[in-house]
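Asker: Sharing a structure with you now.
All of the numbers you see were taken from the coordinates with simple rules; none came from a lab. Not measured: the values here are computed from a predicted model. Ideal geometry is used to build each Cβ from the backbone, glycine not excepted, and the neighbour counts take in all protein chains shown.
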Amino acid sequence: MTVIKYFDAPHIIRFGMTSQNSGRSEMQVWRNGVHFKIKVSHDNIRGTDFEQQWIPLLDPEPIQSYGDRWNQLCDLVISHCIKVFQELAPNAPCWTNIHDYFYNPSYINGLYGITGSNVIPRIIEGPTNIHAYEMQPAPYNTIAIPDDLPVFDSKSIIPLDHKDDFKNPPKRVRLPDGNVAFFIPCKIWIQRWEGPGRSNAININESHQSNASYLLLYSLQIPRLDACARIPKVLWDCT
């Protein structure tokens, strides 16, 4: 699930969990190119004013209202963290090139309070680095790269229209030569199956498969004719 919340800046909330049984919630937030993981534990906020608002939002029933509760939970938790967010991720240009997406400062944040008071945010860990949207760049040796394939520095590749769609990685980029290309982030889907007494899962990376197919066509030197084969031109991003 991805939710965009506007406070003084867009906050991209991707992935999260709530557990009524263990009394926990967690969400991942990107703000101005900085990543925050916010963890809330019942033990740390017991007896606070925040607890009375937070507990009902962990209720898993009915499932039809889950979206509404998640939105309220995001508003509640982020509003108590906003001062820390403003300090660590001030409003400034971010994600101005593809390199920025691969190197996001990341912090783990918790909420703490004492009985009868409200809660305050506390940085538990960080900063470390994380990729935006949890993208997973592949190393060069993942696919055999032809020697004559164009290679660009990721700092010189500019994302286009990214402010029109905060929920997804950029889809179009401008290259140093002025041409526009499509940026294809890693796409992984998980295949699961169950056997006697066990459950198994494998990750299948469709992006690697499609890139390998394009590189094979490239190596065959098939003419790029508009009326004939429309073969995508593969460009390699050097991070």
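Asker: Can you order the peptides 160-172, 11-23 by their average number of other Cβ atoms within 10 Å per residue, highest first?
Answerer: Peptide ranking by packing, descending: 11-23, 160-172.
Asker: What is the extension gain from V180 to S213, computed as 0.36 nm multiplied by their sequence separation minus the C-alpha to C-alpha distance, in nm to one decimal?
Answerer: 9.7 nm
Asker: In nm, to one decimal, how far is the M135 label point from the Y112 one, both placed 7 Å along Cα→Cβ?
Answerer: Modelled inter-label distance: 3.6 nm.
Asker: Take the alpha-carbon centre of segment 64-119, take the same for segment 1-43, and report the distance between them in whole Å.
Answerer: So the separation of the two Cα centres works out to 6 Å.
Asker: Mind running the shape call on segment 68-182? Use the C-alpha gyration tensor, a ≥ b ≥ c as the square roots of the eigenvalues: rounded below 1.5 for a/c, prolate if a/b tops b/c, oblate otherwise.
Answerer: prolate
Asker: Related question: Work out how far the C-alpha atoms of segment 73-137 reach from end to end along every principal axis, then list the three figures in whole Å, largest first.
Answerer: So the three principal-axis extents are 46, 22, 20 Å.
Asker: Right, here's the next one. Can you list residues whose amide H is under 5 Å from Q20's amide H, if they're 5+ apart or on another chain and H is modeled 1.01 Å from N?
Answerer: none
Asker: Now, a different point. Taking H placed 1.01 Å from N in the peptide plane, check which residues at least 5 places from A9 or on another chain put their amide H under 5 Å from its amide H.
Answerer: Hits under the 5 Å cutoff: none.
Asker: Another question, if that's okay. Note down the Stokes-Einstein diffusion coefficient of segment 2-132 in µm²/s, whole number, using a Kirkwood radius over alpha carbon pairs, 4 °C, and 1.567 mPa s.
Answerer: My calculation gives 85 µm²/s for D.
Asker: Below 8 Å between Cα atoms, with a sequence gap of 6+, how large is the relative contact order for segment 29-164 in percent?
Answerer: Over segment 29-164, the number comes to 33 percent.
Asker: Which of rounded, prolate, oblate describes segment 61-105, given a ≥ b ≥ c as roots of the alpha-carbon gyration tensor eigenvalues and a/c under 1.5 marking rounded, otherwise prolate only if a/b is larger than b/c?
Answerer: oblate
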